[in-house]
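Please read the structure below before turning to the comments.
Any read-out appearing in this document is the output of simple, stated calculations on the displayed coordinates, not a laboratory observation. Values in this document were obtained by computation on a predicted structure and should not be read as measured data. Cβ placement follows ideal geometry from the backbone for every residue including glycine, while neighbour counts extend to all protein chains displayed.
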Amino acid sequence: MSKLHLVLVEPRIPQNTGSIARTCAVTGAVLHLVHPLGFSIDDAKLRRAGLDYWDKLEIHHHGDLEAFFAEYPQAQGSPDPFFYFTAKTGTLYTEVQYPDECFLLFGREDLGLDDAILAAHPERCVRIPMRETLRCLNLSNSVAVAAYEVLRQHDFAGLTRDGRYAKAGWEPAEPRAFDISQT
């Protein structure tokens, strides 16, 4: 996989953004923050949620959504690499094939993505299924779910699979297939 871009449009909650930054660091995804933000970038809650991963992160700031799209005009060709996560569609995030380089856009925690952008790209809108009676999944959880689906489709390229736990010197057994018929 060449690049996974996680795009937060006007995030409001620093802890969510910090957790998403950590997800980006451990997966190699690029984090894009589209301003205005609902917090200061030096907010202690933001830093604490990302812990010590900030120096392992590629992060880009954009003045607004128009500036973000202007910075990536080559990405607006075919196939379109932009996917808009919303509860306002019937297409599940697992029903699409993500290209080698893709941009997953997520809106504000309180409003989601603007209806105008969703209406302009209905074929690129995807949702994470959830119970009908509840509003939405937490933003940082949604981003992690979506990011790992893209990574799964690309066989977790660039990510380790060895399961070593360095601090304890623990070595796992050889990987094995689980037989769930025995449970």
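Amide H contacts of F82 (H built 1.01 Å from N, in plane; Pro and chain starts excluded): F103 sit under 5 Å, all sequence-distant by 5 or more or on other chains.
Sorting Y98, Y53 from the fewest to the most surrounding beta carbons within 10 angstrom yields Y53, Y98. If you find the alpha carbon centre of the stretch 111-155 and of the stretch 1-36, how far apart are they in angstrom? Comparing the Cα centres of the stretch 111-155 and the stretch 1-36, I get a distance of 14 Å.
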